[in-house]
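The values are calculated or read from the model by the stated rules, or taken from the named source; none is laboratory data. Since this is a predicted model, take the numbers as computed values, not measurements. Using ideal geometry, Cβ is built from the backbone for each residue, glycine included, and neighbour counts are taken over all protein chains shown.
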Amino acid sequence: MWAELAEEIRVELLQLCRLLSEHERLLAQPEARMGDPEAALVVAAILHSFYTGVEGIFSRVAKRIDGHMPSGEAWHRDILDAMARPTAGRPALISSPLRDSLEDYLRFRHFFRHAYSFVIEMSEVAPLARKCSWCLTQLDRELGDFLNRLPPEKGK
């Protein structure tokens, strides 16, 4: 079962890498498209997809290792917070600095899901677009460390 979880995490990371790779040009220089509402919407959708993938990894860990998913209105924030804390069954999945960076994507996810598309501007999405690659690199590193720290019977 733990090997399956590790493989699912690796697959999700590959999907996240593909997402950012396929849209690298848009994410790397968002300022070049200031004033372009369609480009802002595309970048916003990419950022939403990015955080959805990250949250999918967290959900798998919560279900399989922690034994439960947070519930209620604040479950998205609760699962992010939970992944930055160790439990009796696992070390912290992510560091506090990464957690803080991912919180920006969580806030944006909420905004994106509740806003009309015409209110999304490149000036709002550009900072997140610029640091998306760093977040993924850091997430990949920290998840690798996490998987390596699992006890042998839970590991790869």
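Being surrounded by 20 or more Cβ atoms within 10 Å (Cβ to Cβ), in contact with a helix residue (DSSP H, G or I) (Cβ under 7 Å, 6 or more places away or on another chain), part of a helix (DSSP H, G or I) and of a type outside the set (D, E, K, R) is the requirement here; does Leu41 meet it? Reasoning before the result, please.
On the way: surrounded by 20 or more Cβ atoms within 10 Å (Cβ to Cβ): no; in contact with a helix residue (DSSP H, G or I) (Cβ under 7 Å, 6 or more places away or on another chain): yes; part of a helix (DSSP H, G or I): yes; of a type outside the set (D, E, K, R): yes.
So Leu41 fails the test.
A Cβ distance below 7 Å, combined with a sequence gap of six or more or placement on separate chains, defines the contacts here; from segment 99-110, residues that are in contact (Cβ under 8 Å) with a residue 60 or more places away in the chain and under 18 Å from Ala126 (Cβ atoms) reach residues that are crowded, with 19+ Cβ neighbours inside 10 Å and of a type in the set (Ser, Thr, Tyr) in the pairs Arg109/Tyr51.
Apart from one condition, Ala92 fits all of (1) outside any helix (DSSP H, G or I); (2) aliphatic (A, V, I, L, M); (3) in contact with a His (Cβ under 7 Å, 6 or more places away or on another chain); the exception is (3). Comparison of Asp145, Asp81, Asp140 shows that the only residue that is among the acidic types (Asp, Glu), in contact (Cβ under 8 Å) with a residue 60 or more places away in the chain and outside any loop (DSSP other than H, G, I, E, B) is Asp140. Tallying residues that are closer than 17 Å to Val43 by Cα, surrounded by 14 or more Cβ atoms within 10 Å (Cβ to Cβ) and of a type in the set (S, T, N, Q) within segment 74-124 yields 0. On the given criteria, is Phe58 aromatic (Phe, Trp, Tyr), under 24 Å from Ser21 (Cα atoms) and in contact with a Cys (Cβ under 7 Å, 6 or more places away or on another chain)? In short, no. Applying the condition of being among the hydrophobic types (A, V, I, L, M, F, W, C) and closer than 23 Å to Thr137 by Cβ to segment 24-38 and asking which residue is surrounded by the most Cβ atoms within 10 Å (Cβ to Cβ) yields Leu27. Any chance you could count how many residues in segment 102-137 are over 19 Å from His23 (Cβ atoms), assigned to a helix (DSSP H, G or I) and not charged (D, E, K, R)? Residues that pass the stated criteria total 6. Pairing each residue of segment 58-76 that is in contact (Cβ under 8 Å) with a residue 60 or more places away in the chain and in a helix (DSSP H, G or I) with any residue that is of a type outside the set (Phe, Trp, Tyr) and surrounded by fewer than 16 Cβ atoms within 10 Å (Cβ to Cβ), provided the two are 6+ apart or on different chains, yields C-beta distances under 6 Å for Ile65/Gly89.
When you check His48 against the structure, is it of a type outside the set (S, T, N, Q) and at pLDDT 95 or above, yes or no?
So His48 fits the description; yes.
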